Amino acid sequence: MNRQNRRRALTELGVPQFREFLAEQNLTPKRKPAEVFQLNIGLYCNQACNHCHVESSPKRKEMMDEATAMRCIEIIKNSPSVKTLDITGGAPEMNDQFRPIVEAASAARPDIEIIDRCNLTVLAEPGHEDLPEFLAKHKVRVAASLPCYSAKNVNMQRGNNVFDRSIQGLIKLNEAGYGMEGSGLYLDLVYNPLGAFLPPPQEALQAKYKEELLENFGIEFNDLFTMTNMPIKRFADFLYRRGELKDYMDLLVRNFNPDTTETLMCTNTLNVGWDGRIFDCDFNQQLELDLQAPNDADAVADVFTIESVQDLVSQAPMVDSHCFGCTAGMGSS
């Protein structure tokens, strides 16, 4: 479903406009100097998950090139407010620019935290056998997707044998020191629901994950973060075909939490697509809600039109109805 058809469908379903909804409650998200610089370096992935908001798969060929990747490093150098480099995809590790970005960022900004959003099964792909050691060398924080601690649920969402390969990936990371007390190597897990419902309380779910993974597989990790499935792209299409999109949007709107608006990712994050275009977040990137180039209202912002993240701080975040996904319940990590 394209953006125009999606907006029409949501309007017909009676879903309110997010900006108008906030205005009625005297709430306005305000952009701060970006602390998180997120790079979506490519849509190629060795998986094709049902919920994927970027519609990644082994068939996607879009990949960040060297010039764009190194321009991102220059922006980081010029942006002291940036404390975190968040690398995502697709399976970012399968992009040729992944390791050069990590190496260059580590050298240019030794103070910066680098996050790798890892699907775990990439660790079993040919040519990536040394990935745990590479990540450990550069003290990259691993945020690993694991939507459940049971094989049935994971395989249903992510594909056959994904659970077993994910467990093997976690074991490899533990063997490299990740998630182990005192190692300084952080391994976080990311949970998202298997269907059209909100995630449970994060603290209780983390305790259950730790118990199940340690008891059954001897696996340790640091923290668990819950994410709400965003009503865009593959997941939105799934709901629309099943006639469940209205119910899901109603669920998100009913559970709107005004306290989340002060910490929305769009207020302190800039997201860069594989082609260098700049957005508020990875979700806006998929809906092509571009930011404007500085001093040129007719051009979209990209890494070649800014010198630092400060150049975009005056622009208000771009919002639409999918943003209810980040404000429902306790918010989306």
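Can you tell me how much longer the chain between Lys208 and Lys32 gets when fully stretched, taken as 0.36 nm per residue apart minus their C-alpha distance, in nm with one decimal?
59.8 nm
On average, how much accessible surface per residue is there in region 93-249, in Å², for a 1.4 Å probe, leaving out ligands, DNA and RNA? Don't jump to the answer; show the numbers that get you there.
Working: 7040 Å² over 157 residues.
I get 45 Å² per residue for region 93-249.
Rounded to the nearest 20 Debye, what is the dipole magnitude of region 165-271 about its Cα centre when Lys and Arg each give +1 and Asp and Glu each give -1 at the C-beta? Intermediate values should be presented prior to the final figure.
Details: 10 positive and 15 negative charges, 128 e Å.
Once rounded to the nearest 20, the dipole reads 620 debye.
For the chain, what does the relative contact order come out to in percent, with C-alpha contacts under 8 Å and a separation of six or more? The partial results should precede the final answer.
Numbers: 629 pairs, mean separation 77.6, N = 333.
Dividing the mean separation by the residue count of the chain yields 23 percent.
So for the chain: antiparallel DSSP bridges make up what percent, rounded to the nearest 5?
Rounded to the nearest five, the antiparallel share is 20 percent.
Got a number for carbon plus sulfur as a percent of region 223-333's accessible area, 1.4 Å probe?
Reported share for carbon and sulfur atoms: 47 percent.
Between Ser81 and Glu129, what is the FRET efficiency for a Förster distance of 30 Å, r being their Cβ-Cβ separation, to the nearest 0.05?
0.25
Classify region 219-290 as rounded, prolate or oblate, taking a ≥ b ≥ c as the square roots of the eigenvalues of its Cα gyration tensor: rounded when a/c is under 1.5, otherwise prolate if a/b is larger than b/c and oblate if not.
rounded
How far, in nm, would the chain grow between Ser106 and Leu13 when pulled straight, counting 0.36 nm per residue and subtracting the alpha carbon separation?
Result: 28.7 nm gained on full extension.
Highest mean first, how do 209-215, 230-236 rank when packing is the count of other Cβ atoms within 10 Å averaged over residues?
Sorting 209-215, 230-236 by mean packing, highest first, produces 230-236, 209-215.
Among Ala299, Asn26, Asn174, which residue has its Cα positioned farthest towards the positive end of the charge dipole of the chain, with +1 placed on the Cβ of Lys and Arg, -1 on the Cβ of Asp and Glu, and the dipole taken about the Cα centre?
Going by the charge dipole, the pick is Asn26.
Would you work out which of Phe217, Val82, Ala328 lies farthest towards the positive end of the dipole of the chain, given +1 charges on the beta-carbon of Lys and Arg and -1 on that of Asp and Glu, about the Cα centre?
Ala328
Looking at region 21-140 only, what percent of DSSP beta bridges run antiparallel? Nearest 5 please.
In region 21-140, approximately 10 percent of DSSP beta bridges are antiparallel ones.
Of the labelled options [x] 0.97; [y] 1.21; [z] 0.90, which one gives Cα Rg over 2.2 N^0.38 Å as computed for this structure?
[x]
Taking the Cα centre of region 84-200 as origin, sum charge times position over the Cβ atoms of Lys and Arg (+1) and Asp and Glu (-1), and report the length of that vector in debye to the nearest 20.
Working: 10 positive and 15 negative charges, 67 e Å.
The calculation lands at about 320 debye.
Of all the accessible heavy-atom surface of region 98-195, with the other protein chains kept in place and a 1.4 Å probe, what percent is carbon and sulfur?
50 percent
Tell me the mean residue ellipticity at 222 nm calculated for the chain from its helices only (DSSP H runs of n ≥ 4, each -39500 (n - 2.57), averaged over every residue, nearest 500).
Per the formula, -9500 deg cm²/dmol.
Taking the Cα centre of the chain as origin, sum charge times position over the Cβ atoms of Lys and Arg (+1) and Asp and Glu (-1), and report the length of that vector in debye to the nearest 20.
The dipole magnitude comes to about 760 debye.
All other residues with a Cβ under 13 Å from the Cβ of Ala124 taken together, and with Lys, Arg as +1 and Asp, Glu as -1, what is their net charge?
Charge balance in the 13 Å sphere: -3.
Quick check: net charge around Arg277, other residues with Cβ under 10 Å of its Cβ, Lys/Arg +1 and Asp/Glu -1?
Residues near Arg277 contribute -4 overall.
Full-extension gain between Ser183 and Asn161, please, as 0.36 nm times their residue separation minus the C-alpha to C-alpha distance.
So the chain would gain 4.9 nm between Ser183 and Asn161.
Restricting to DSSP loop positions (anything but H, G, I, E, B) with no more than 16 other Cβ atoms inside 10 Å of their own Cβ, which trypsin sites (Lys or Arg not before Pro) remain in region 243-333?
Listed in order of number, the matching sites amount to none.
The values are calculated or read from the model by the stated rules, or taken from the named source; none is laboratory data. Source: prediction; values computed, not measured. Positions of Cβ are generated from backbone atoms using ideal geometry, with glycine treated the same way; all protein chains shown enter the neighbour counts. We work out accessible area using only protein heavy atoms, side chains counted, and drop any ligands, DNA or RNA first. Shrake-Rupley method; radii C 1.70, N 1.55, O 1.52, S 1.80 Å.
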